[in-house]
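Asks: Questions regarding the structure given below will be posed in turn.
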């Protein structure tokens, strides 16, 4: 029998159309085992969100559930832990009794076959407890696939590169093996931290096909520059190995320079840009940060152009 899968979808209830699409895609998976979906509402009354997804249970999704009524369950809960994304995710994990747990953000969408491919890959790798897959970045009218070029993602790879395809909406892991660290400032980098800890136990099993469509451009986190600075400083303190790898350190220092530049902190931007350059002479974020700091180009313009290509800063 196929292992049961619990799906945690965090939401604040402010984008109902996208939330319904995320739930619908999870319901429509061709996975033969039981799937339980828990929508966890952060910072509000779960009742209106329950109403937003009720039509799925009464309408199109009912046809899926009628084939196997016990295999598709949807619940809506309020966040019972600390406010923010980490606590919301942990509320979902705690509420589930399934063999496996998966994450999906409310503005992302799983593609057909995602669960089936990941569960098969996870079960084929002895000792593994965590899986990811490639993504398709959607920004405006463009869709850009982001592949890892590997079937196993190591801790060393995640130190050197954030590896955007190892995205929270691709995560699938054995229940009880992973919890989100709720000390992450403003929920920043909690997914990267989780992936690093998982890869430290065993390489992450990766299905290198785009099986999740990740929407960029609507995230509340993208331009919260101060929160992003706090999140990177938290990662450096929590994972000292990030500063030990020259390429990985240069990337983080370049990001810090860019975020400070976006806030108008020219001196701090210059200091971090210099650290990025000394760690790795070819780090491209250093000159971008300096261009923003001296007013040659707005930070949002740089970010938009990078997102158009399926990349972030």
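Asks: Output the number of the condition that residue 206 fails; it satisfies all remaining conditions of (1) more than 13 Å from the chain's Cα centre (by Cα); (2) in a helix (DSSP H, G or I).
Replies: Of (1) more than 13 Å from the chain's Cα centre (by Cα); (2) in a helix (DSSP H, G or I), only one is false for residue 206: (2).
Asks: Identify, please: which residue in region 278-290 is part of a helix (DSSP H, G or I) and free of Cβ contacts under 8 Å to residues at least 24 places away in the same chain and is, among those, farthest from residue 143 (Cα to Cα)?
Replies: The first filter runs over region 278-290 and keeps only residues part of a helix (DSSP H, G or I), leaving 278-279, 285-290.
The next check asks that each one be free of Cβ contacts under 8 Å to residues at least 24 places away in the same chain; those that pass are 278, 287.
Numbers: 278: 35, 287: 27 Å.
Looking at the filtered set, the residue picked out is 278.
Asks: Output the number of the condition that residue 183 fails; it satisfies all remaining conditions of (1) more than 14 Å from the chain's Cα centre (by Cα); (2) crowded, with 23+ Cβ neighbours inside 10 Å; (3) more than 19 Å from residue 117 (Cα to Cα).
Replies: That leaves (2) as the condition not met.
Asks: Here are 240, 203, 284: which of them is touching a helix residue (DSSP H, G or I) at 6+ places or on another chain (Cβ under 8 Å) and not assigned by TED's automatic domain parsing to the domain that holds residue 145?
Replies: 284
Asks: Let me ask you something else. Anything in region 291-307 that is surrounded by 20 or more Cβ atoms within 10 Å (Cβ to Cβ) and more than 28 Å from the chain's Cα centre (by Cα)? List them, or say none.
Replies: Correct list: 293 only.
Asks: Sticking with this one: Inspect all residues belonging to region 95-112 and state whether any of them is under 29 Å from residue 139 (Cβ atoms) and over 16 Å from the mean Cα position of the chain (by Cα).
Replies: Of region 95-112, the ones under 29 Å from residue 139 (Cβ atoms) are 101-112.
Those left that are additionally over 16 Å from the mean Cα position of the chain (by Cα): 112.
Within region 95-112, one or more residues are under 29 Å from residue 139 (Cβ atoms) and over 16 Å from the mean Cα position of the chain (by Cα).
Asks: Determine whether region 226-236 contains at least one residue that is in contact with a helix residue (DSSP H, G or I) (Cβ under 7 Å, 6 or more places away or on another chain), crowded, with 16+ Cβ neighbours inside 10 Å and in a loop (DSSP other than H, G, I, E, B).
Replies: no
Asks: Separate question: Return the residues of region 116-174 that are at positive phi and under 18 Å from the mean Cα position of the chain (by Cα); say none if nothing qualifies.
Replies: Looking only at region 116-174, we keep the residues that are at positive phi, and these are 127, 140, 149, 163.
Residue satisfying the conditions is 163 alone.
Asks: Which one of these does residue 268 not meet: (1) in contact with a helix residue (DSSP H, G or I) (Cβ under 7 Å, 6 or more places away or on another chain); (2) closer than 24 Å to residue 213 by Cβ?
Replies: It is condition (2) that residue 268 fails.
Asks: For region 113-124, check the following and say yes or no: at least one residue is without any contact (Cβ under 8 Å) to a residue 60 or more places away in the chain and either in contact with a helix residue (DSSP H, G or I) (Cβ under 9 Å, 6 or more places away or on another chain) or not assigned by TED's automatic domain parsing to the domain that holds residue 35 (or both).
Replies: Scanning region 113-124, I find no residue that is without any contact (Cβ under 8 Å) to a residue 60 or more places away in the chain and either in contact with a helix residue (DSSP H, G or I) (Cβ under 9 Å, 6 or more places away or on another chain) or not assigned by TED's automatic domain parsing to the domain that holds residue 35 (or both), so the answer is no.
Asks: Residues to consider are 111, 122, 57, 100; find the one that is modelled with pLDDT under 95 and either buried (at least 21 other Cβ atoms within 10 Å of the Cβ) or in contact with a strand residue (DSSP E or B) (Cβ under 7 Å, 6 or more places away or on another chain) (or both). Steps first, answer last, please.
Replies: Working: 111 fails: modelled with pLDDT under 95; 122 fails: modelled with pLDDT under 95; 100 fails: modelled with pLDDT under 95.
Only one candidate passes the filter, namely 57.
Asks: What number of residues within region 29-52 are surrounded by fewer than 17 Cβ atoms within 10 Å (Cβ to Cβ) and not in a helix (DSSP H, G or I)?
Replies: Going through region 29-52 one residue at a time, the tally reaches 5.
Asks: Quick check on my filter: what residues within region 1-18 are farther than 18 Å from residue 173 by Cα and out of contact with any helix residue (DSSP H, G or I) (no Cβ under 6 Å at 6 or more places or on another chain)?
Replies: Applying the first criterion (farther than 18 Å from residue 173 by Cα) to region 1-18 yields 11-18.
Residues satisfying the conditions are 12, 14, 15, 17, 18.
The values are calculated or read from the model by the stated rules, or taken from the named source; none is laboratory data. Remember, it's a predicted structure, so these values are computed and weren't measured experimentally. With ideal geometry, Cβ positions are generated from the backbone for all residues, glycine too; neighbour counts draw on all protein chains shown.
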